[in-house]
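Student: Quick one: the structure is below, and I'll ask about it shortly.
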Amino acid sequence: MSVTSTTGGLSLNEILANSSVKTNTTTDGLGAATNAASGNQELGKDAFLQLLVTQLKNQNPLEPQDNGEFVAQLAQFSSLEGITTLNDTVSGIAGNYNSSQALQASSLVGRSVIAPGDKAVVDTSKSLNGTVVVPAAVSSLSVKIMDKDGKTVRTIDLGSQKAGNSAFIWDGKNDAGTTVESGTYTFAASTTIDGKATSLITNLPATVSSVTISQTGGELMLNLAGLGSIALSKVQTIGM
């Protein structure tokens with residue numbers, strides 16, 4: 001038998017359903033927390049906890065929250081707090097990484113590196129050491145060296161080579177044995193593979209003039225004197 005009031009004839013369930021307990025749900029902390037989490041704002045752990053506490057304060061006494069559901073909400077809160085802590089940790093690691101990059105960058109300026117490319121700033125009073133990337137064994141391999149006008153000043157014949165990096169040295173002289181002017185020269189390595197003329201990659205020396213550090217966590221870029229930029233990961237060798 002249901003319990004009713006002596007004046008209105010309403011059951012206790014109906015009285016509770018129409019009481020201020022339900023009305024306050026949208027006007028107290030629950031509504032405030034919900035509004036705080038709307039729009040462009042994220043639902044942080046503080047707002048999540050406020051929602052959970054407000055839900056418990058305003059639950060129906062005749063239909064309390066199920067234990068399993070409550071435990072699940074606590075688990076969600078714990079996960080949210082763990083993710084927040086993880087984000088803070090990752091942000092700290094990223095900051096340390098950027099600091100490490102800056103320190104690494106300062107030690108590279110002015111140093112010589114060997115990296116993939118077809119141009120090099122050459123001091124012809126000294127010998128230039130480079131390598132050619134050979135994908136498979138070849139019977140003949142040559143390196144042409146051209147000046148700024150595209151004129152071939154020297155052809156170096158390396159003969160047959162095995163797969164790997166084949167080293168070559170240019171003494172700064174042309175085919176006639178005369179030392180040419182210092183400047184920027186282009187290197188073109190070529191061979192024949194399966195009956196087809198094939199251009200190969202050359203690794204040439206360069207000097208690091210400055211370093212660009214990404215503000216978004218990207219890769220360190222080396223600015224090579226007179227040659228442009230190259231990613232640090234592509235550098236083959238770092239010298240003095």
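Student: Please find the FRET efficiency linking Ser125 to Asp46, where r is the Cβ-Cβ separation and R0 is fixed at 51 Å, and quote it to the nearest 0.05. Show your work: numbers first, answer last.
Tutor: Values: r = 69 Å, r/R0 = 1.36.
The computed FRET efficiency comes out at 0.15.
Student: Translational D (Stokes-Einstein, µm²/s) of region 119-231 at 37 °C and 0.692 mPa s when Rh comes from the Kirkwood sum over C-alpha pairs? Don't skip to the end; give the middle numbers.
Tutor: Details: Rh = 15.4 Å.
It comes out at roughly 213 µm²/s.
Student: Still on this structure: Of Ile156, Ile201, how do they rank once you tally other Cβ atoms within 10 Å and put the fewest first?
Tutor: Values: Ile156 18, Ile201 14.
Listed from fewest to most nearby Cβ atoms, that is Ile201, Ile156.
Read-outs throughout are calculated quantities, based only on the coordinates presented, and are distinct from any laboratory measurement. Everything numeric in this text was worked out from a predicted model, so none of it was measured. Cβ sites come from the backbone with ideal geometry, for glycine too, and all protein chains shown count toward neighbours.
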